[in-house]
1. Name the one entry in Gly112, Gly70 that is out of contact with any helix residue (DSSP H, G or I) (no Cβ under 8 Å at 6 or more places or on another chain) and closer than 16 Å to His155 by Cα.
2. Output the residue which, of all residues in the range 546-589 that are under 30 Å from Pro618 (Cα atoms) and charged (D, E, K, R), is farthest from the chain's Cα centre (by Cα).
3. Report, by residue number, each residue of the range 249-273 that is more than 16 Å from the ligand (Cβ to nearest atom) and either open to solvent by less than 30 Å² (accessible area, probe 1.4 Å) or under 18 Å from the mean Cα position of the chain (by Cα) (or both).
4. When the residues of the range 56-73 are narrowed to those that are modelled with pLDDT of 75 or more and open to solvent by 10 Å² or more (accessible area, probe 1.4 Å), which ends up farthest from the ligand (Cβ to nearest atom)?
5. Please go through the range 514-541 and pick out each residue that is open to solvent by less than 10 Å² (accessible area, probe 1.4 Å) and not in a helix (DSSP H, G or I).
6. State all residues of the range 471-500 that are crowded, with 19+ Cβ neighbours inside 10 Å, in contact with a Ser or Thr (Cβ under 6 Å, 6 or more places away or on another chain) and farther than 26 Å from Gly435 by Cα; if no residue qualifies, say none.
7. Would you please list the contacts, defined by Cβ atoms under 8 Å and residues six or more apart or on different chains, that run from a residue in the range 37-48 that is buried (at least 20 other Cβ atoms within 10 Å of the Cβ) to a residue that is at pLDDT 95 or above and among the aromatic types (Phe, Trp, Tyr)?
8. Filter the range 193-223 for residues that are over 29 Å from His271 (Cα atoms) and either within 16 Å of the ligand (Cβ to nearest atom) or open to solvent by 10 Å² or more (accessible area, probe 1.4 Å) (or both) and give the result.
Amino acid sequence: MTNKYIFLLLGGLLSAICAFQKGIPPVGETGGLDAKVDSLLALMTLDEKIGQMTLFTSDWDVTGPTLREGYKDDIRAGKTGAIFNAHTAAYNHELQRIAVEETRLGIPLLFGYDVIHGYKTIFPVSLGEAASWDMEAIEKSARVAAEEATAAGLHWTFAPMVDIARDPRWGRISEGAGEDVFYGKKVAAARVKGFQGGDLSAANTLLACAKHYAAYGAVQAGRDYHTVDISERVLRETYLPPFKAAVDAGVGSFMTSFNELNGVPATGNKHLLTDILRNEWHFKGFVVTDYTSINEMVPHGIAADEKAAGELALKAGVDMDMQGAVFYNFLKKSIAEGKVSVEQVDVAVRRILKIKYELGLFDDPYRYGDPELEKKVILSAAHLEAARDVARKSFVLLKNQDRTLPLSKGLKTVAVIGPLADSKKDLLGSWHAAGNAEDCVTLLAGLREKLGAASTVLFAEGCKTLGRSKDGFAEAVNAAKRADAVILAVGETRGLSGEAASRSMIGLPGVQLDLVKELVAICRQADKPLAVVLMNGRPLAIPWLAENAPAILETWFAGTQGGHAIADVLFGDYNPSGKLPATFPRNVGQVPIYYCMKNTGRPMDPKNKYTSKYLDVPNSPQFPFGFGLSYTSFDYSPVLVDKTVFGRNDKLKVSVRVTNSGSYDGEEVVQLYVRDLVGSVTRPVRELKGFEKIFLKKGETREVEFTLRAEDLAFYTRDMSFKAEAGDFEIFVGGNSDAENSAKVELR
Ligand code: BGC
């Protein structure tokens, strides 16, 4: 037996003995989970209960003001039941030891962290992953993250973020699955499955947390933390479904959002946290606030002080206070004053303890976190390969004039230019958990490895991502002139997207566009291939590039293996297949712009001034939702339906034949959209209702069939009942949300 196993066995035994002495019902004892939780609850003092409702950060990473110092003393005193931003097996083991051995009841701690797109092996930012339209890949990424994070002593991730986001000014659009409801539901479920696996108690699965509940993506003007004022219909139709999908996938926790919703901050919003989440959806896990969001109800202007804010939060349905120390400081007093009851506290504590039992922490508080496994799995060859694969799948080829890409591996000299070409840290994107910049493969490094000694790879930074200096332009121009092809990596720094990273202008920052313009002119004159590689965390407004750059590859922030993955695509070892999960506007004045808008009473007519449009820009986006090119081409047959009239219990079969008509094998995301032509309330011009990613060899044809039922066409009707209405529908099938290939059907 290795030392590790002796250590684990002794640890387990010791904790079982401690637990037994302290009266904690061990797992396996007769009686259901609820009975165990209740008997533990009966042993707890009010202070200990409030401790379980308290989550504090360690001093490792913070995303806001650290209100507490001395969190180890809090653990020892049983005043905090959960810790976040503490990781590594050894460190968490020590904290857990304090909780288990030095507190009166020995209730194990719960360790949380923002493991969003990887723990140490970093995958593309979530929006990028979503561009893969590959649920297996997305689930796999979450699975790898869970394997690494649990080995490092973590139990709980603050992911997935399932906020629908239709405003690219909002930096947090990078953390979710983009603009679409149907698609967002699928991705939410895949991520929950990936993190939690089939069994929460397994030592390699991570408790997931659906966040930020709710409607955070609808902040006005895309400004982070701002106000949200939307109708109940929009809330239910657009913003809630991915949360419901997370509940259906078994997610164990929810996080409230910072924003107010129609006058009531989400953290004090009973309608959201109790009426909908508990009473309608029957969610059984626990609800944590976002970072100090109880305290923030004071500046929101809905509570006079923090004590009142805590009462509002508890009464609304919050179970755990992240970092705000409001329950910790005031809840006892609120109970003494009769503002809230011990019964309300018990409800919250029960939910939290139940999850701790389900994670197996009472069975063995040290089951997560294993120094040997940590060494073995973190950044393992298999995980790096998975990260490279998912990264390749996430890239979206936005333009490829005259087949600029793929580039030939026979090129003698390649110039790699741009501030992001050799930046390791930017590849990590926002929320990179324990990811290290040193572990990242840059585009320059990836290309050097791909091309080997046979080609010369020149590098010039050209300019900084954000600065105004053009001092580096001359060197870049010189490199471009000497090369046979130019690869230009431009975009955002990683800090320009993510939390607290809203932008009012969403073009290329700094002088990057000027650099691109000079290099495009040189390459055009010399008839040299030039490919722009974008790295960014949001849809950008890039009208000049769209018009003038010969090729554009959107690579988001691609993670640890980013450089290898991009090199694979640029040189044709992987044929790009990603599709945009969010619309790219032509300019920021078009925002909000998303494919499933309403038609209006005066739909755009270029010949009629008095129709819904702009004077200075078309209504259409630069690149629509679902758009992405391939090195090959796909032809679609007309859409076939197996009946033109279908009833409530029928299955409608919709099919197309897709042919790979180009000269590369490749993948296509076949997308199905529906328009409900007349409703008791107006309906979007189209809505995604199905998609399938298929691989076709060159020349190959395949039939793709979708099944639609009446319930797939349901929506919140005039009286807010959720159902499909009889009438005519138009069904579109194609490679993006602009597909014109359609058929008409009638639901009776
Ligand atoms: C963010 C959350 C995150 C939390 C903990 C907050 O500022 O809004 O998404 O999970 O910090 O780090």
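1. Gly112
2. Ranking the candidates gives Glu547 first.
3. Scanning the range 249-273 gives Ala249, Gly250, Gly268, Asn269, Leu272, Leu273.
4. So the residue we want is Asp73.
5. Scanning the range 514-541 gives Leu530, Ala531, Val532, Val533, Leu534, Met535, Asn536, Gly537, Arg538, Pro539, Leu540.
6. Within the range 471-500, Ala483 is the sole residue that qualifies.
7. Val37/Tyr357
8. If the condition is that a residue be over 29 Å from His271 (Cα atoms) and either within 16 Å of the ligand (Cβ to nearest atom) or open to solvent by 10 Å² or more (accessible area, probe 1.4 Å) (or both), then Gly197, Gly198, Asp199, Ser201, Ala202, Ala203, Asn204 are the ones that fit.
The values are calculated or read from the model by the stated rules, or taken from the named source; none is laboratory data. Because the structure is a prediction, the values reported are computed rather than measured. Glycine gets a Cβ as well: all are built from the backbone with ideal geometry, and neighbour counts include every protein chain shown. In case anyone asks, the SASA skips ligands and DNA or RNA and just uses the protein heavy atoms, side chains included. Shrake-Rupley method; radii C 1.70, N 1.55, O 1.52, S 1.80 Å.
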